[in-house]
Amino acid sequence: SGYSNIILDLENVSSTNPEILNLIVHIFKTCKQNNGFLKLCNINSELNESLTFVFLDGIIPVFSSKNSALEDFYKVSSEA
């Protein structure tokens, strides 16, 4: 996509099927390859639990809203 920093709003995603998880993993890897970050927001508990199994160390930050994820991007940018 050409983007290195992505926020995925998963408010309307309730499925934890392998295709969804694989897509999130693919986006995460693409962001990392482009020296960027993937941040997730509005994630339901079932999907969060499934992602915990995929990323055991909680490598993808999860936020309660898009605004809090954006604020984190700005905070990280200003610290660099």
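The table that follows gives values for the structure above.
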quantity	calculated
Difference of contour (0.36 nm per residue) and Cα-Cα distance, residue 55 to residue 25	9.9 nm
Gyration tensor verdict on the range 25-67 (Cα atoms; rounded if a/c is under 1.5, prolate if a/b is larger than b/c, oblate otherwise)	oblate
Lys pairs under 18 Å by Cα in the chain, provided they are eight or more residues apart or on distinct chains	4
GNM top mover of 40, 23, 51 - the chain, alpha-carbon springs below 10 Å	23
Nearest-0.05 FRET efficiency for residue 68 and residue 35, computed from C-beta distance (R0 30 Å)	0.85
Theoretical gain in end-to-end length, residue 11 to residue 48 [0.36 nm per residue, Cα-Cα removed]	12.2 nm
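Every number here is computed from the coordinates shown, using simple stated rules; none is lab data. Computed from a predicted model, the values in this text were never measured in an experiment. Note that each Cβ is placed from the backbone with ideal geometry, even for glycine, and that neighbours are counted across all protein chains shown.
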